[in-house]
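Input: a single structure, listed below in structure tokens.
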Amino acid sequence: GSKSKVEYTFGYKRCDDGKVRIFLHHSSVPYNPEAGAGASPGDITEAEVRAAQDLWRDSIKKISAAHKADEDFVGVAGEAAGKLYAYGHANVLFKPTKAKESQFRPMAADAMSYFVGAKNVEEGAISEDGGFAINGGRGWS
């Protein structure tokens with residue numbers, strides 16, 4: 001048979017019955033740049049992925065800067081989210097880095113709570129959210 005390399009992440013939790021079980025399982029085949037050769041219009045190139053990652057990084061900085069300048073950082077975050085995430089276009093599988101109680105954010109409002117903080121949103125506020133994009137109010141540089 002053939003061999004495949006797979007990257008994976010598991011999260012474990014002790015359940016009420018005392019047994020350890022998987023509560024998070026993510027696995028994927030590593031990116032293969034050769035697979036992008038001769039890409040059709042629907043294929044995504046490595047350059048497009050890198051540009052999307054750069055936009056994500058720059059958006060976090062922009063949201064943070066708007067917060068620090070006492071500007072409409074929630075509006076900036078909403079605009080960025082519309083460019084970055086497929087909410088409203090496709091199902092989104094978003095597992096925020098710092099989320100513990102509400103670990104997945106399938107709805108856009110849930111994601112906004114994570115990025116700007118529960119106290120800064122009217123819809124979808126999740127109490128554990130301090131605002132990743134504003135670093136809990138401390139900002140990012």
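Things to note:
- Net charge of Cβ neighbours under 13 Å - reference TYR12; Lys, Arg +1; Asp, Glu -1: +4
- Local charge for TRP56 was computed over the other residues whose Cβ lies under 14 Å away, with Lys and Arg +1 and Asp and Glu -1, and equals +1.
- Net charge of Cβ neighbours under 10 Å - reference GLU79; Lys, Arg +1; Asp, Glu -1: +1
- Its alpha carbons considered, the chain gives a radius of gyration followed by a Dmax of 18.1, 60 Å.
- Footprinting exposure proxy for SER102, SER28, SER113, SER59 (fewest neighbouring C-beta atoms within 10 Å first): SER28, SER102, SER59, SER113
- Taking 30 Å as the straight-line reach from the Cα of LYS98, the lysines in range (excluding those fewer than 8 positions away in the same chain) are LYS5, LYS13, LYS19, LYS61, LYS62, LYS68, LYS83, LYS119.
- Exposed trypsin sites (Lys or Arg not before Pro) absent: longest stretch of the chain, with sites in DSSP loops and at most 15 other Cβ within 10 Å deemed exposed: 20-97
- Size of electric dipole in the chain: Cβ of Lys, Arg +1 and of Asp, Glu -1, about Cα centre, debye, nearest 20: 660
Any read-out appearing in this document is the output of simple, stated calculations on the displayed coordinates, not a laboratory observation. Quick caveat: nothing in here was measured; it's all calculated off a predicted structure. Counting neighbours? That spans all protein chains shown, and the Cβs are built from the backbone with ideal geometry, glycine included.
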